[in-house]
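Engineer: Next up is a structure, given as structure tokens.
The values are calculated or read from the model by the stated rules, or taken from the named source; none is laboratory data. Note that this is a predicted model, so its numbers are computed, not measured. Please note: Cβ atoms are built from the backbone with ideal geometry, for glycine as well, and neighbour counts cover all protein chains shown. These accessible areas exclude ligands, DNA and RNA; they are computed on the full protein's heavy atoms, side chains included. Shrake-Rupley method; radii C 1.70, N 1.55, O 1.52, S 1.80 Å.
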Amino acid sequence: MASRGQRPEHIGPPELFYDKNEARKYVRNSRMIDVQTKMAGRALELLCLPEGQPCYLLDIGCGSGLSGDYLSDEGHYWVGIDISPAMLDAALDRDTEGDLLLGDMGQGIPFKPGSFDGCISISAVQWLCNANKKSDIPAKRLYCFFSALYSVLVHGARAVLQLYPENSEQLELITTQATRAGFTGGVLVDYPNSARAKKFYLCLFSGPSTFTPMAQNEDNEEEEARGSTFTVERVPYRMARRGVVRKSRKWVLEKKARRRRQGEEVRPDTQYTGRKRKPRF
């Protein structure tokens, strides 16, 4: 199990990290199930598939089949590939409707060209950026993965890969190899000003596309995508709140509202919220 603040991919290879204990969490932990399902829904939304038309989709790093279940509920057919036998066993125990394949995405995707109408992936691609053996070269494994993915997609299809990049260099490595493989597109960041809710989606197109995905912000509104740019700065957010005095009532109310949107428990607002207390004698 990963210790608090430690990235799972720093502990060991995914086929060992995702053992029976980890797989059990993806079956019993309601919060984890909810998060995975929401990210799968967002990825499917960004695929922008034809409405009312069942599609044949690929789920990279399908795990216990949570994202695949969402695809099935939306009327699509899917095939999942994962490197962890324990996670696939959990998916089988849950009687998922998709077909499952044990495999390493860094060694390619064993399907015929043009097999899939689209692809999603939840929290998997960043694992390719770590070398667990001397023979593992992250850039080569990423290129092998993206080249195979480009091949198995129908021309003009899209792939949406949710990931957790460790830093800007890692994100640049991933996007560079995707571009080398022939993809166009970029990175979409939902809730960029939230430390907990921020999500990265690599939106890839296997052909010319005029589709421009929209990012979600903290007000549940949509804003234009930022392409493949990566930043850890919060300058736009600070500029937007430049006129708000720190520790003022308005500042406190905004902070509490933001935490409520992030799912945290916050005390209700009252007439005393943000009131400056007199110092005790």
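Engineer: Would you check if there is a residue in the range 212-230 being over 18 Å from the mean Cα position of the chain (by Cα) and at pLDDT 90 or above?
Structural biologist: no
Engineer: Hey, does the range 87-95 have a residue that's open to solvent by 30 Å² or more (accessible area, probe 1.4 Å), in a helix (DSSP H, G or I), in contact with a Lys or Arg (Cβ under 7 Å, 6 or more places away or on another chain) and over 21 Å from PHE145 (Cα atoms)? Give the derivation first.
Structural biologist: Step one: list which residues in the range 87-95 are open to solvent by 30 Å² or more (accessible area, probe 1.4 Å), which gives 89, 92-95.
Then drop every residue that is not in a helix (DSSP H, G or I), which leaves 89, 92-93.
With in contact with a Lys or Arg (Cβ under 7 Å, 6 or more places away or on another chain) added as a condition, the list becomes none.
Within the range 87-95 (the criterion being open to solvent by 30 Å² or more (accessible area, probe 1.4 Å), in a helix (DSSP H, G or I), in contact with a Lys or Arg (Cβ under 7 Å, 6 or more places away or on another chain) and over 21 Å from PHE145 (Cα atoms)), the answer is no, since none of the residues qualifies.
Engineer: Among the residues of the range 152-200, write down those that are assigned to a loop (DSSP other than H, G, I, E, B), of a type in the set (S, T, N, Q) and open to solvent by 50 Å² or more (accessible area, probe 1.4 Å).
Structural biologist: Pass one, the range 152-200, residues assigned to a loop (DSSP other than H, G, I, E, B): 164-167, 181-183, 191-198.
Subset that is of a type in the set (S, T, N, Q): 167, 193-194.
If the condition is that a residue be assigned to a loop (DSSP other than H, G, I, E, B), of a type in the set (S, T, N, Q) and open to solvent by 50 Å² or more (accessible area, probe 1.4 Å), then ASN167 is the only one that fits.
Engineer: Can you find a residue that is touching a residue at least 60 places away in the same chain (Cβ under 8 Å), outside any strand (DSSP E or B), open to solvent by 60 Å² or more (accessible area, probe 1.4 Å) and closer than 21 Å to VAL35 by Cα anywhere in the range 68-84?
Structural biologist: No: the range 68-84 contains no residue that is touching a residue at least 60 places away in the same chain (Cβ under 8 Å), outside any strand (DSSP E or B), open to solvent by 60 Å² or more (accessible area, probe 1.4 Å) and closer than 21 Å to VAL35 by Cα.
Engineer: If you don't mind, there's one more thing I want to ask. Quick one: is LEU49 open to solvent by 10 Å² or more (accessible area, probe 1.4 Å), among the aliphatic types (A, V, I, L, M), over 23 Å from ARG196 (Cβ atoms) and in a helix (DSSP H, G or I)?
Structural biologist: no
Engineer: Turning to a different aspect of this structure: For the range 109-120, does any single residue satisfy the condition of being within 28 Å of ASN167 (Cβ to Cβ), in contact with an Asp or Glu (Cβ under 7 Å, 6 or more places away or on another chain) and modelled with pLDDT of 95 or more?
Structural biologist: Yes.
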